[in-house]
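Participant: Structure provided below as structure tokens; questions to follow.
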Amino acid sequence: AQRVTQPEKLLSVFKGAPVELKCNYSYSGSPELFWYVQYSRQRLQLLLRHISRESIKGFTADLNKGETSFHLKKPFAQEEDSAMYYCALSGYSGAGSYQLTFGKGTKLSVIP
Amino acid sequence: GAGVSQSPSNKVTEKGKDVELRCDPISGHTALYWYRQSLGQGLEFLIYFQGNSAPDKSGLPSDRFSAERTGGSVSTLTIQRTQQEDSAVYLCASRLTTTSGAYEQYFGPGTRLTVT
């Protein structure tokens, strides 16, 4: 079974402060991890995936297999970062089937 | 190109009525997912279709919920005898999967269901 845990439902930070959204996972194989974001009145969209190892909108996330974590980080928060963030895990379950499991989400609020 | 579309965008129904929600995935996407997003509850998995395989229905909350995917494309989520607790935004997503890997999941705009 695969599981994704986002321990914080709500995270408030001041503009310019560092941000870290926590994500821990449970999966027996080699996972593929994603962060999705939902801005107000917009649809859910992909923010980044770990295999790309890229920085999107100043956000980065490193897969730590030892700690089974995939925390999302940004050094200086901006007001436009306020949104709902979901961590997701894709695991291969055989026969060309990929289960995609989401965490419960963390609402990030950046205080001006 | 066209993204995932869902209809209707909003649906208000009386308790006890049946509703059908429609999802048009991106053409060629082999995987289709339904989720429910309730206020303050995050994203709840409902059902997953993968090609011609039997769907994963493990997330459906009760036997009042069912879904079909016809011809490997359009999907319909049906809720029978709706209850007030069914009020939520229902999201559909599609994804391209191949024998060598799976790709980004694309979400539709959702259907906001209100049961009065």
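Participant: Among the numbered criteria (1) assigned to a strand (DSSP E or B); (2) closer than 30 Å to B:ARG112 by Cα, which single criterion is violated by A:LYS73?
Facilitator: Against the list (1) assigned to a strand (DSSP E or B); (2) closer than 30 Å to B:ARG112 by Cα, A:LYS73 comes up short only on (2).
Participant: Go through the stretch B:17-34 residue by residue and tally those that are in contact (Cβ under 8 Å) with a residue 60 or more places away in the chain and surrounded by 23 or more Cβ atoms within 10 Å (Cβ to Cβ).
Facilitator: Total meeting the criteria: 5.
Quick grid of which residues meet (1) under 23 Å from A:THR101 (Cβ atoms); (2) in contact with a Gly (Cβ under 7 Å, 6 or more places away or on another chain); (3) not small (Gly, Ala, Ser):
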residue: B:GLN6; (1), (2), (3): yes, yes, yes
residue: B:LYS17; (1), (2), (3): no, no, yes
residue: B:TYR33; (1), (2), (3): yes, no, yes
residue: B:GLY42; (1), (2), (3): yes, yes, no
residue: B:LYS57; (1), (2), (3): yes, no, yes
residue: B:SER75; (1), (2), (3): yes, no, no
residue: B:TYR106; (1), (2), (3): yes, yes, yes
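Participant: Working only within the stretch B:57-109, note down all residues that are hydrophobic (A, V, I, L, M, F, W, C) and within 15 Å of the chain's Cα centre (by Cα).
Facilitator: Passing the criteria: B:LEU60, B:PHE65, B:ALA67, B:VAL74, B:LEU77, B:ILE79, B:ALA88, B:VAL89, B:LEU91, B:CYS92, B:ALA93, B:PHE107.
Participant: Okay, moving on. Would you point out which residue out of B:GLN37, B:GLN84 is open to solvent by 10 Å² or more (accessible area, probe 1.4 Å), within 14 Å of another protein chain (Cβ to nearest Cβ) and touching a strand residue (DSSP E or B) at 6+ places or on another chain (Cβ under 7 Å)?
Facilitator: After applying the criteria, what remains is B:GLN37.
Participant: Within the stretch A:79-107, how many residues are open to solvent by less than 80 Å² (accessible area, probe 1.4 Å) and more than 14 Å from every other protein chain (Cβ to nearest Cβ)?
Facilitator: Adding up the residues that qualify gives 2.
Participant: Just to verify a result, which residue in the stretch A:57-70, among those that are outside any strand (DSSP E or B) and either free of Cβ contacts under 8 Å to residues at least 24 places away in the same chain or open to solvent by 70 Å² or more (accessible area, probe 1.4 Å) (or both), is farthest from the other protein chains (Cβ to nearest Cβ)?
Facilitator: Residue satisfying both the conditions and the ranking: A:GLY66.
Participant: Still on this structure, I have one more. Just for the stretch B:87-110: of the residues that are open to solvent by 50 Å² or more (accessible area, probe 1.4 Å), within 9 Å of chain A (Cβ to nearest Cβ) and not in a strand (DSSP E or B), which one is nearest to A:ARG49 (Cα to Cα)?
Facilitator: B:THR99
Participant: Also, quick follow-up: Here are B:ALA54, B:ALA2: which of them is within 11 Å of chain A (Cβ to nearest Cβ), at pLDDT below 90 and either open to solvent by less than 10 Å² (accessible area, probe 1.4 Å) or part of a loop (DSSP other than H, G, I, E, B) (or both)?
Facilitator: B:ALA54
Participant: A further question on this structure: Is there a residue being within 13 Å of another protein chain (Cβ to nearest Cβ), among the hydrophobic types (A, V, I, L, M, F, W, C), more than 25 Å from B:TRP34 (Cβ to Cβ) and surrounded by fewer than 14 Cβ atoms within 10 Å (Cβ to Cβ) anywhere in the stretch A:2-22?
Facilitator: yes
Participant: Go through (1) touching a Leu at 6+ places or on another chain (Cβ under 8 Å); (2) more than 14 Å from chain A (Cβ to nearest Cβ); (3) in a strand (DSSP E or B) one by one and return the number of the condition B:PRO61 breaks.
Facilitator: Condition (3) is where B:PRO61 drops out.
Participant: Further, regarding this structure: Quick one: A:ARG43 ticks every box in (1) surrounded by 11 or more Cβ atoms within 10 Å (Cβ to Cβ); (2) away from chain B (no Cβ under 14 Å); (3) part of a loop (DSSP other than H, G, I, E, B) except a single one, so which number is it?
Facilitator: Every condition holds for A:ARG43 apart from (2).
Participant: What tally of residues in the stretch B:61-113 results from selecting those that are at pLDDT below 95 and touching a helix residue (DSSP H, G or I) at 6+ places or on another chain (Cβ under 6 Å)?
Facilitator: The total comes to 0.
The values are calculated or read from the model by the stated rules, or taken from the named source; none is laboratory data. From a predicted model like this one, the values you see are computed outputs, not experimental measurements. Don't worry about glycine lacking a Cβ; one is built from the backbone with ideal geometry, like all the others, and counts go over all protein chains shown. The protein model used for the area step is the full one, side chains on, heavy atoms only, and it has no ligands, DNA or RNA in it. Shrake-Rupley method; radii C 1.70, N 1.55, O 1.52, S 1.80 Å.
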